[in-house]
1. Name the residues whose placed amide hydrogens come within less than 5 Å of the amide hydrogen of GLN47, ignoring near sequence neighbours (fewer than 5 apart) on the same chain.
2. Give LYS204/LYS263; LYS171/LYS221; LYS171/LYS204 a once-over and call out the pairs whose C-alpha atoms are over 20 Å from each other.
3. Say we join alpha carbon atoms closer than 10 Å with springs in a Gaussian network model of the chain; which of GLU28, GLU237, GLU127 then has the biggest fluctuation?
4. I want to verify a result. In a Gaussian network model of the chain, Cα cutoff 10 Å, which of these has the top mean-square fluctuation: GLU233, GLU69, GLU59?
5. Through the Karplus equation 6.51 cos²θ - 1.76 cosθ + 1.60, θ set to phi - 60°, convert the phi angles of segment 119-129 into ³J(HN,Hα) values in whole Hz; use x for Gly and Pro.
6. Placing one identical point scatterer on every Cα of the chain and ignoring solvent, what is log10 I(q)/I(0) from the Debye formula at q = 0.07 Å⁻¹?
7. What fraction of the DSSP beta bridges in segment 22-164 is antiparallel, stated in percent and rounded to the nearest 5?
8. What list of ³J(HN,Hα) couplings, whole Hz, do you get for segment 232-245 from phi and the Karplus terms 6.51, -1.76, 1.60, once you set θ to phi - 60° and write x for glycine and proline?
Amino acid sequence: KAKSEGRNISAYYTDGLTQSARERLMLESRLRTAILEQQLVLFYQPQVQLATGQVVGAEALIRWQDPDEGLIGPDRFIPIAESTGLIHEIGLWVIQQSCRQGVLWQQLGLGDLRITVNVSAHQFQREGLTQHIADTLLSTGFNASLLELEMTESALLTQHADAVSLLQQLKQLGIRLAIDDFGTGYSSLAYLKALPLDVLKVDKSFIDNLPQHQQDAEICKAIVRLAHTLGFEVIAEGVEHQRQHDFLNHIGCDVFQGYWFAKPLPADEFASLVLLNRQQTNGVND
Ligand code: C2E
Ligand code: MG
Ligand code: MG
Ligand code: MG
């Protein structure tokens, strides 16, 4: 009896493993096809300056336009791209596509929009990233100071010394560097001070309950003060309500992004929105 139970249990687990392994393989091969068939697309979420209401940039966010399933979000395929190594190919494409888009928008008359691109730990640690970015800036003609890379604290924390020198190499290209999801990782103040960063992106979880949640309100104030002391710009992520926007403006946060202003949009819709925004905010700045 015990023996047959044991067998059942192991049969159960083996089935489970093969099942998930099969699903993974399926997804991996579909993802390879998606790359070849150019089914990956970038959406762009506006980043808005709080003081002026002007759109100053965009975060590029990847989606998979599957002919059968429709749009698939990054949370479903980026982890597989990372574990299979496909992330390198995808990541290089994201950087190249973002630079091309930035140049196209300039040609459309949208001005100097910054484009920020997410870089995962795997990409960051792989040799050749700096060279690829240098090549891409050269071949597309996109202005280095308009390109920003976002990395999470955990991506940077892997090997301190390496991270610092890697970031310094990237900085030397003239691009901007941001910490994404700030506050959810374990970076120390000493670490923050040592890194050549330009932007802290405050994680949505600190923004969600603003302004009524006293502690979160104080944390956001402290982050803004700290960031400004260190010379960083602060961006609030995931702003969904006017009251959050108003509070962030009140405490001197620099930039926000979130559904309250706009969801991530296809490139053409983003451009239309920016043109409208330029008309509405005309005179605020100039
Ligand atoms: P992230 O970089 O922290 O991006 C923010 C996520 O929050 C995005 O989800 C965005 O659509 C969503 N978001 C923005 N505003 C709001 C809001 O007001 N409310 C809510 N509920 N959500 C909001 P998305 O596009 O599904 O991306 C998820 C994550 O996937 C990103 O988190 C990023 O870590 C990763 N990712 C996206 N694109 C890329 C890429 O090209 N390369 C890599 N390596 N990772 C990517
Ligand atoms: Mg991001
Ligand atoms: Mg984020
Ligand atoms: Mg995130």
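Derivation of every value follows stated rules applied to the coordinates shown; laboratory data play no part. Since the structure is predicted, the reported quantities are computational estimates derived from the model, not experimental observations.
1. HN-HN under 5 Å from GLN47: VAL56, GLY57, ALA58, GLU59.
2. Correct reply: LYS171/LYS221; LYS171/LYS204.
3. Its mean-square fluctuation being the largest, the pick is GLU127.
4. With Cα springs under 10 Å in the chain, the top fluctuation among GLU233, GLU69, GLU59 is at GLU69.
5. 10, 8, 3, 4, 5, 4, 7, 7, 5, x, 4
6. -0.30
7. For segment 22-164, the DSSP antiparallel bridge percentage is about 60.
8. Once rounded to whole Hz, the list reads 9, 7, 10, 10, 9, 9, x, 7, 10, 9, 4, 5, 5, 4.
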